[in-house]
Amino acid sequence: MKMPKKTVDQQMKELFEHFSKQDHSESHIESLEEPWLYSIWDVNQKFLFCQNNILVAAPRNSNSQEELIAVTPNRNIKQKDEHTYPIFIGINGGKQVLSCLESGGQPKLQLVEKDIMTLYYNNEEHKNFTFFSKTGQTQEACSIESIAFPGWFLSTSPEPDKPVAFSHEGGTMITLFYFDKKK
């Protein structure tokens with residue numbers, strides 16, 4: 001079973017510390033040109049990647065190309081506690097971001113053409129683009145909760161090659177993920 005080198009909680013702390021240090025330096029715009037990139041996979045070893053403009057989860061094999069997921073803090077929303085981090089999540093180097101929109105009374109995951117760094121620098125909350133990365137007791141894996149729709153979590157199907165969606169707290173879908181920083 002693939003495990004990250006550091007816990008999700010350690011990686012989120014480092015992400016937030018790095019971005020907050022850079023925000024206070026004189027050259028923060030030059031040093032924060034890019035989001036941090038991660039491999040993200042569920043506890044059943046299905047990795048997140050984009051296929052035909054849809055985020056899906058599938059096992060990685062020797063022919064699979066690694067999809068790096070872009071992540072930055074949302075500095076306009078406060079952390080709930082020491083293990084809950086508000087983040088933006090993107091693909092294609094952060095040129096598309098995950099968004100949570102209402103569809104038929106329930107949240108729907110959508111990829112939107114928007115630069116993740118534009119969201120980071122903008123002084124708005126952007127709740128529909130923001131997720132709480134929440135670690136539990138082990139801090140090894142996290143759930144990713146929509147801020148716009150509390151109690152709804154990014155989820156993967158127990159079956160491979162299915163789109164990533166939202167499920168309500170306590171549902172049958174997989175809602176725990178690992179992160180591993182790549183660059």
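The values are calculated or read from the model by the stated rules, or taken from the named source; none is laboratory data. What you see is a predicted model, and the numbers here were worked out from it, not measured in a lab. We place every Cβ from the backbone using ideal geometry, glycine too, and count neighbours over all the protein chains shown. Remember, those area values only see protein heavy atoms, side chains included, never the ligands or the DNA or RNA. Shrake-Rupley method; radii C 1.70, N 1.55, O 1.52, S 1.80 Å.
Number of residues in segment 48-103 that are farther than 21 Å from Ser143 by Cβ and among the small types (Gly, Ala, Ser) equals 5.
The residues on offer are Val97, Val71, and the sole one that is at pLDDT 90 or above, in contact with a Gly (Cβ under 7 Å, 6 or more places away or on another chain) and not polar (S, T, N, Q) is Val97. In this structure, Asn44 qualifies as open to solvent by 80 Å² or more (accessible area, probe 1.4 Å), closer than 24 Å to Gly151 by Cα and either at pLDDT 90 or above or in a loop (DSSP other than H, G, I, E, B) (or both). Scanning segment 80-101 for residues that are free of Cβ contacts under 8 Å to residues at least 40 places away in the same chain and over 17 Å from Val164 (Cβ atoms) yields Asp81, Glu82, Lys95. On the given criteria, is Asn63 more than 15 Å from the chain's Cα centre (by Cα), surrounded by 15 or more Cβ atoms within 10 Å (Cβ to Cβ) and at pLDDT below 95? Judged against the criteria, Asn63 is not a match.
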